[in-house]
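Novice: Attaching a single structure in structure tokens format; questions to follow.
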Amino acid sequence: MEWLGHAKIGFTTSPEPLQFKTKDGEETDLLRIVEKSTPPCRLNPWLFNGHLQTAMTVLKAEGPVVHYKRKLFDAEDPAYEGNFAVDFITPPFEGQEEGLPPRTVYYDKQELLELETGSLDSRPMIVALHGLSGGSFEIYLRHVLAPLMAGGEWEACCINSRGCAGHKISSSILYNARATWDTRQVVKWLRLKYPNRPLFGIGFSLGANILTNVRCSSGLMEGFH
């Protein structure tokens with residue numbers, strides 16, 4: 001931590017960051033986009049380590065209001081049997097589902113049918129992975145996704161690790177930093193249902209480790225940024 005909580009931010013990227021062209025035709029890359037969009041780090045100077053800084057986040061206001069509808073996926077690979085929950089950001093709705101996090105309900109049958117139909121739209125989509133014991137409801141995750149969703153140009157979903165975010169454990173398989181199987185299945189499903197959508201992944205803490213291991217798998221996740 002630097003003087004009075006003004007901390008430095010470092011960025012790590014591959015030798016050849018993903019290239020983009022902006023709407024005005026300017027050539028740029030993912031590193032420069034992230035550097036430009038990341039706000040300065042202003043920590044509380046009275047909290048002397050990272051654990052206290054993290055603990056303080058639960059004492060703040062509730063954070064952005066985000067609504068989710070949940071779909072359960074049955075694992076395709078018999079080696080990782082069971083099911084897992086994926087929460088999709090949706091427009092605001094009324095109601096609450098007992099046992100689920102705030103502002104989260106299951107898709108009804110008609111909505112699931114529409115979801116399974118997919119779409120040919122080309123809106124970019126974020127696949128988020130939360131931390132060790134969190135879920136789609138975590139404040140840090142909502143702070144990242146809410147600004148993107150506000151403009152109506154993005155879609156997003158969060159893969160909840162097994163047993164997290166009110167999901168009942170359905171097998172002996174849980175998760176760890178190399179538990180990439182559920183993420184792989186969801187990305188493949190999204191590609192099938194939304195073939196024109198660019199897919200982007202973002203992970204936090206343990207989720208970032210899972211995402212790194214997914215990306216390290218040569219060829220299988222090509223095009224997943």
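The values are calculated or read from the model by the stated rules, or taken from the named source; none is laboratory data. Keep in mind that what you see is a predicted model, and the values were worked out from it rather than measured. We place every Cβ from the backbone using ideal geometry, glycine too, and count neighbours over all the protein chains shown. Calculation scope for accessible area: heavy atoms of the full protein, side chains included, ligands and nucleic acids excluded. Shrake-Rupley method; radii C 1.70, N 1.55, O 1.52, S 1.80 Å.
Novice: Among the residues of segment 16-69, how many are loosely packed, with under 12 Cβ neighbours inside 10 Å, of a type in the set (S, T, N, Q) and within 19 Å of L145 (Cα to Cα)?
Specialist: So the answer is 2.
Novice: Considering segment 112-137 alone, what residues qualify as being in contact with a Ser or Thr (Cβ under 9 Å, 6 or more places away or on another chain) and either crowded, with 19+ Cβ neighbours inside 10 Å or closer than 16 Å to R70 by Cα (or both)?
Specialist: Listed by number, the residues that qualify are V127, A128, L129, H130, G131, G134, G135, S136, F137.
Novice: Then there's this: Suppose we filter segment 98-138 for residues that are in contact with a strand residue (DSSP E or B) (Cβ under 7 Å, 6 or more places away or on another chain) and of a type in the set (S, T, Y); how many remain?
Specialist: Adding up the residues that qualify gives 4.
Novice: Report, by residue number, each residue of segment 100-111 that is over 21 Å from the mean Cα position of the chain (by Cα) and open to solvent by 60 Å² or more (accessible area, probe 1.4 Å). So that I can check it myself, show each step before the final result.
Specialist: Going through segment 100-111, the residues over 21 Å from the mean Cα position of the chain (by Cα) turn out to be 108-111.
Scanning segment 100-111 gives D108, K109, Q110.
Novice: Report whether or not T13 is under 19 Å from F137 (Cβ atoms), surrounded by 10 or more Cβ atoms within 10 Å (Cβ to Cβ) and within 23 Å of the chain's Cα centre (by Cα).
Specialist: Working: under 19 Å from F137 (Cβ atoms): no; surrounded by 10 or more Cβ atoms within 10 Å (Cβ to Cβ): yes; within 23 Å of the chain's Cα centre (by Cα): yes.
It is false that T13 is under 19 Å from F137 (Cβ atoms), surrounded by 10 or more Cβ atoms within 10 Å (Cβ to Cβ) and within 23 Å of the chain's Cα centre (by Cα).
Novice: When the residues of segment 83-96 are narrowed to those that are touching a residue at least 60 places away in the same chain (Cβ under 8 Å) and open to solvent by 20 Å² or more (accessible area, probe 1.4 Å), which ends up farthest from R142 (Cα to Cα)?
Specialist: Filtering segment 83-96 for residues touching a residue at least 60 places away in the same chain (Cβ under 8 Å) gives 83-89.
When the remaining residues are screened for being open to solvent by 20 Å² or more (accessible area, probe 1.4 Å), the result is 83, 89.
Values: N83: 24, I89: 10 Å.
The selected residue is N83.
Novice: Which one is surrounded by the most Cβ atoms within 10 Å (Cβ to Cβ) among residues in segment 150-196 that are in contact with a helix residue (DSSP H, G or I) (Cβ under 7 Å, 6 or more places away or on another chain) and part of a loop (DSSP other than H, G, I, E, B)?
Specialist: Here the residue is T180.
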